[in-house]
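Down below is the structure, laid out as structure tokens.
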């Protein structure tokens, strides 16, 4: 095996993305026509929408999800799957796939476990669910950029029972970047007590991602997922979550594994990029592609090239690297 795909680096596509691919590749336009027929989201205008301001605003009604969350998820999924079609048109296919968060659903689709239309039907079902159970307060996320030697337990865990570690990005040996999830009020208290500017808070439109506060989402989705068809993955598929019940890099071998992984994703921390790359290396990958999302700045040293597939110029670089390394990517 040689080439791995990783999905989910950036989560939901908040910033505009995908327009250049739509303009330059017929296969992307054909694909987006299908997405529009399933979702009603007009293409290519969906790729041009900017949701950064919306993400920073606190929703008034927690019983209904803001529409931009759905549209951003549709865009992210459409972008990543369309890029895989462009690469396939060039004869490039993955030997291994991993995904985190929304990227885990898309990864399962590319691995052949979930039908494409079912991905977007699932996103539509998620869009119908509340941001929080009735009577509960707003949830949110925060990011903490911490210097070496920082006591992470001060930021979450027993000392702050309503703040949870949602992801540890492990970007380099010099800093640790955490995504924290919890009740919005508790995150704001943490931000006020931390050094100025160290813990920026994203308000409640994001919900309490990847934490026990999202158990209600798993409970509400479970009947829907039980009625949804999951195939055993046709391409090796790795879990991107890293909680007590799951290990980042563990292989999802059956359709039931994939179904359970989607449910666990809501309540379990996302595995770090470093651990996923380690899992790729252990399985013999010679190269990895971050599909449809920009790689984070300062990624840790990797034992093989890690490239992003985000804009059309990336395709040429990817093909050149595959040729230079002599990787066999055909089927």
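Observations
- Any helices (runs of 4 or more DSSP H) falling wholly within region 1-113 and containing at least 1 residues that are crowded, with 23+ Cβ neighbours inside 10 Å and at pLDDT 90 or above: 19-24, 26-39, 45-48, 67-89, 102-110
- Test for residue 312: is it farther than 19 Å from residue 109 by Cα and surrounded by fewer than 17 Cβ atoms within 10 Å (Cβ to Cβ): yes
- The sole residue among 256, 232 that is in the same structural domain as residue 57 (by TED's automatic domain parsing) and assigned to a helix (DSSP H, G or I) is 256.
- Failed criterion for residue 210 (all others in (1) touching a helix residue (DSSP H, G or I) at 6+ places or on another chain (Cβ under 8 Å); (2) assigned to a loop (DSSP other than H, G, I, E, B); (3) at pLDDT 95 or above hold): (3)
- Failed criterion for residue 324 (all others in (1) more than 30 Å from residue 219 (Cα to Cα); (2) at pLDDT below 95; (3) crowded, with 16+ Cβ neighbours inside 10 Å hold): (3)
- Looking only at region 272-307, and only at residues there that are without any contact (Cβ under 8 Å) to a residue 24 or more places away in the chain and either in contact with a strand residue (DSSP E or B) (Cβ under 9 Å, 6 or more places away or on another chain) or not in a loop (DSSP other than H, G, I, E, B) (or both), the one that is nearest to residue 24 (Cα to Cα): 307
- In region 121-134, residue modelled with the highest pLDDT [restricted to those that are crowded, with 20+ Cβ neighbours inside 10 Å and over 13 Å from residue 69 (Cα atoms)]: 122
- Residue satisfying condition, being under 26 Å from residue 147 (Cβ atoms), modelled with pLDDT under 95, touching a helix residue (DSSP H, G or I) at 6+ places or on another chain (Cβ under 9 Å) and surrounded by fewer than 23 Cβ atoms within 10 Å (Cβ to Cβ), within set 200, 195: 200
The values are calculated or read from the model by the stated rules, or taken from the named source; none is laboratory data. The structure displayed is predicted, hence computed values, not measured ones. Quick reminder, even Gly has a Cβ in these numbers, built from the backbone with ideal geometry, and neighbours come from all protein chains shown.
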